[in-house]
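Q: Here you go, one structure.
The values are calculated or read from the model by the stated rules, or taken from the named source; none is laboratory data. Keep in mind that what you see is a predicted model, and the values were worked out from it rather than measured. In this analysis, Cβ positions are derived from the backbone assuming ideal geometry, glycine residues included, and neighbour counts consider all displayed protein chains. Only protein heavy atoms, including side chains, enter the accessible area calculation; ligands, DNA and RNA are left aside. Shrake-Rupley method; radii C 1.70, N 1.55, O 1.52, S 1.80 Å.
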Amino acid sequence: PPEFRLRYRLVAELPLEGYRIDPGEWYFITSNEPIFGVRGGTFSIENRLMGSLGHYFSNRQKLEGGIDYRTDSFLDGGLRQRFWFKVGWFVNI
């Protein structure tokens with residue numbers, strides 16, 4: 001059966017220098033993303049909590065690296081926890 005998911009992501013980018021993120025500066029980014037799903041009458045909940053350090057090179061490029069902490073199986077009788085190390089390079093074209 002198809003799975004339907006509802007997700008909401010809340011993100012905060014915090015400059016490590018000054019009041020805003022300017023080209024050439026470092027920043028910290030954190031987010032929380034709860035995901036609610038239903039498939040064939042069975043409900044599921046997953047949560048993703050992320051913290052990364054990023055460098056804003058210019059208006060066209062930025063690089064981020066950090067840890068993604070994911071939990072799921074809240075309703076299945078056992079909590080599953082995972083850590084993901086991730087690196088992202090963002091390019092505006």
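Q: Just read off the accessible area of PHE90 with the full protein assembly in place, 1.4 Å probe, to the nearest 10 Å².
A: Number for this one is 90 Å².
Q: Taking only the alpha-carbon positions of the chain and ignoring solvent, what does the Debye formula give for the base-10 log of I(q)/I(0) at q = 0.10, 0.12, 0.16, 0.24 Å⁻¹?
A: -0.37, -0.50, -0.75, -1.16
Q: For the modelled label position 7 Å from the Cα of ASN47 along Cα-to-Cβ, which residues of segment 1-20 have backbone nitrogen atoms closer than 16 Å?
A: The answer is 7-11.
Q: Still on this structure: What's the carbon and sulfur percent of the chain's accessible surface, probe 1.4 angstrom, rounded to a whole number? Please list the in-between numbers first.
A: Values: 4170 of 6870 Å².
Accessible surface attributable to carbon and sulfur in the chain totals 61 percent.
Q: Here's a follow-up. Give me the number: length gained by fully extending PHE36 to SER58, i.e. 0.36 nm times residue separation minus the C-alpha to C-alpha distance, one decimal in nm. It would help to have the intermediate numbers written out before the result.
A: Details: separation 22, 0.36 × 22 = 7.92 nm, distance 3.58 nm.
4.3 nm is the gain from fully extending PHE36 to SER58.
Q: Continuing with the same structure: Excluding THR42 itself, what net charge comes from residues whose Cβ is under 15 Å from its Cβ, given Lys and Arg +1 and Asp and Glu -1? Working shown, then result.
A: Working: positive: ARG5, ARG39; negative: GLU3, GLU46, ASP72, ASP76.
Summing Lys and Arg as +1 and Asp and Glu as -1 gives -2.
Q: Say R0 is 22 Å: what FRET efficiency, to the nearest 0.05, do ASP22 and VAL87 get from their beta-carbon distance?
A: On the way: r = 22 Å, r/R0 = 1.01.
About 0.50, to the nearest 0.05.
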